[in-house]
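Heads up, the thing below is written out as structure tokens.
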Amino acid sequence: MDRFALADSLRAANARVMAGQWALLEQRAHVRELERCGLDASMAKSLLQIYEQSQEMNILDRNLHHTVITTAADKPSPVDHDDSDLFDVDDSYFRQAA
């Protein structure tokens, strides 16, 4: 996978973490509101637990993407190789052809 695809994947993982955080905040507010009104909040709490587990997975996924990108950055780029020996050719062949 190239560096741009990895960076795009990391941005998507970060977006999932941010969306998950927003969902957690909203769901916690729903639970508080239901409890404040004296209503049954068991379903809302169950959903909150699912959101929390999902957010844990989102964070792990984001951290994995970050690790992959960091590791990939440590490796030399295939573009950064020394190709000077390719042009260090005896050009007498080309002069004869001309």
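Listed values, structure above:
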{"read-out": "Checklist (1) of a type outside the set (S, T, N, Q); (2) modelled with pLDDT under 95; (3) on the phi > 0 side of the Ramachandran plot applied to His66, failing item", "value": "(3)"}
{"read-out": "Subset tally (residues that are free of Cβ contacts under 8 Å to residues at least 24 places away in the same chain, surrounded by 15 or more Cβ atoms within 10 Å (Cβ to Cβ) and either hydrophobic (A, V, I, L, M, F, W, C) or in contact with a strand residue (DSSP E or B) (Cβ under 9 Å, 6 or more places away or on another chain) (or both)) for the stretch 1-34", "value": "2"}
{"read-out": "Qualifying residue in the stretch 51-64 (condition: closer than 30 Å to Phe4 by Cβ, surrounded by 12 or more Cβ atoms within 10 Å (Cβ to Cβ) and charged (D, E, K, R))", "value": "yes"}
{"read-out": "Gly38 being at positive phi and free of Cβ contacts under 8 Å to residues at least 60 places away in the same chain", "value": "yes"}
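The values are calculated or read from the model by the stated rules, or taken from the named source; none is laboratory data. None of the values given here were measured: they were computed from a predicted structure. Using ideal geometry, Cβ is built from the backbone for each residue, glycine included, and neighbour counts are taken over all protein chains shown.
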